[in-house]
Amino acid sequence: MKQHNNYLIQLDGLRFLAVGLVLWDHWTPEPHFLPFGKLGVNLFFVLSGFLIARILMSSRDKLFGQSNGLGQYMKKFYIRRTLRIFPIYYLSLAVLWLFNDPSVRGKELWQILYASNIYIALKKTWLGVTDHFWSLAVEEQFYIFFPILIFFIPRRFLVPFFGVLIGVSLLLRTYFFITGQPWFISYVSMPTALDAFGLGAIMAYIQLYHRVTFQSIFNNRLYLWISLAALAVVFYWSAQITQSGVDQDHNLSINIWERFFASVLFMFLLGGAIVGYKGWFKWVLENPVSNYLGKISYGLYVYHNFVYNHYHSPANHPVVRLLGKLNRSIEGFQQMHVAQFLILFLLTTIVASISWHLIEKPINDLKDKYAP
């Protein structure tokens, strides 16, 4: 597949797929046939686990044992992450604060410290228009401990360490389930998402240190189909439990196993993209539109709830007014869910594109200057 300076082009296509799943889940009427939003976030977590672990292990191999090696390692990682993640996150918080948004006002410290997921878990309530920031908080919290451990854990112990992360997440989700916590407590907590990061990290380890094995595993599409079948069984099991009258808080399949088997599927899906898909899927992932939308996927994710949120956008919101006008002008427009989705997607793409070209890319380009 196309690869330039360790840049894996098909991963941008999968970023677009991930954010598309989230947007479809948030902008189309419930109930959904599948938990598209959860799947999209899970795909991001596995991808993040792979990319971050690969960056950190490669950096550690170059700097370990050098004078101030740890300092250079940490400085490079955090400067590059800060330049990529912080600008539009804090810009969004500042704008929402100025507009007196209740998900930010009175919760400033939680939001500034990337602790909105902890707020949700402790208060057992969602925040509002910044609900989706919980996943950004999970990633930032993961970045606190993961780099330092990767630097000091001997290479031969890394895979067992990643296995421990996977085991811890499963045990914690089991604990939350047994103690009767609402489903979203387990969903938004950082430690309960570690299986997704851990599986991505295992994939990075194999790619860096056992390339022949990596090619052998991820060129074999049988693993992808088996993992897809396993997840389908989990979804079927979940549906049977739901039909028997069990709600989401007490659904063993949803609360414990759904994220794990989705993460296994996405590990093989991403591995296939790293090796390189052929045929029609190659075109889907590498065509210029998918590639561009993958590049701006962070902005699409950050801004989409502000462009439109069914539950929290006020009546005077310009997009709410636009949709209302279209509903009055076009008979049956309210039932044209795909058309509404495409309008919202176009608007969000415009916002994310402006953000990318005016804010994100210029700041992102500073990474090579301050953290080469």
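The values are calculated or read from the model by the stated rules, or taken from the named source; none is laboratory data. In this text the structure is predicted, and so the values were computed from the model without any measurement. Don't worry about glycine lacking a Cβ; one is built from the backbone with ideal geometry, like all the others, and counts go over all protein chains shown. For accessibility, only protein heavy atoms count, side chains too; no ligands or nucleic acids. Shrake-Rupley method; radii C 1.70, N 1.55, O 1.52, S 1.80 Å.
Can you name the residue in the range 176-224 that is more than 21 Å from the chain's Cα centre (by Cα) and charged (D, E, K, R) and is also most open to solvent (accessible area, probe 1.4 Å) among such residues? Applying the filter and picking the extreme gives Arg211.
Quick one: is Ser238 crowded, with 20+ Cβ neighbours inside 10 Å, within 21 Å of the chain's Cα centre (by Cα) and of a type in the set (S, T, N, Q)? Spell out the reasoning first.
Details: crowded, with 20+ Cβ neighbours inside 10 Å: yes; within 21 Å of the chain's Cα centre (by Cα): no; of a type in the set (S, T, N, Q): yes.
So Ser238 does not fit the description; no.
Against the test of being within 24 Å of Leu93 (Cα to Cα), surrounded by fewer than 18 Cβ atoms within 10 Å (Cβ to Cβ), of a type in the set (Phe, Trp, Tyr) and under 26 Å from the mean Cα position of the chain (by Cα), the options Tyr303, Tyr311 yield a single qualifying residue, Tyr311. Close contacts from the range 57-84, counting a first residue that is more than 30 Å from Trp356 (Cβ to Cβ) and assigned to a helix (DSSP H, G or I) and a second that is among the hydrophobic types (A, V, I, L, M, F, W, C) and modelled with pLDDT of 95 or more, with Cβ to Cβ under 7 Å and a gap of 6+ residues or different chains, come to Arg60/Ile150; Arg60/Phe151; Leu70/Phe151. Applying the condition of being touching a Gly at 6+ places or on another chain (Cβ under 8 Å) and open to solvent by 60 Å² or more (accessible area, probe 1.4 Å) to the range 241-286 and asking which residue is nearest to Pro31 (Cα to Cα) yields His250.
Condition check ((1) out of contact with any helix residue (DSSP H, G or I) (no Cβ under 7 Å at 6 or more places or on another chain); (2) assigned to a helix (DSSP H, G or I); (3) farther than 23 Å from Leu39 by Cα) across all residues:
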residue: Val302; (1), (2), (3): no, yes, no
residue: Ser313; (1), (2), (3): no, no, yes
residue: Arg321; (1), (2), (3): yes, yes, yes
residue: Gly324; (1), (2), (3): yes, yes, yes
residue: Arg328; (1), (2), (3): yes, yes, yes
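When the range 49-79 is filtered for residues that are crowded, with 16+ Cβ neighbours inside 10 Å, out of contact with any Lys or Arg (no Cβ under 8 Å at 6 or more places or on another chain) and of a type in the set (Gly, Ala, Ser), the ones remaining, listed by number, are Gly49, Ala53.
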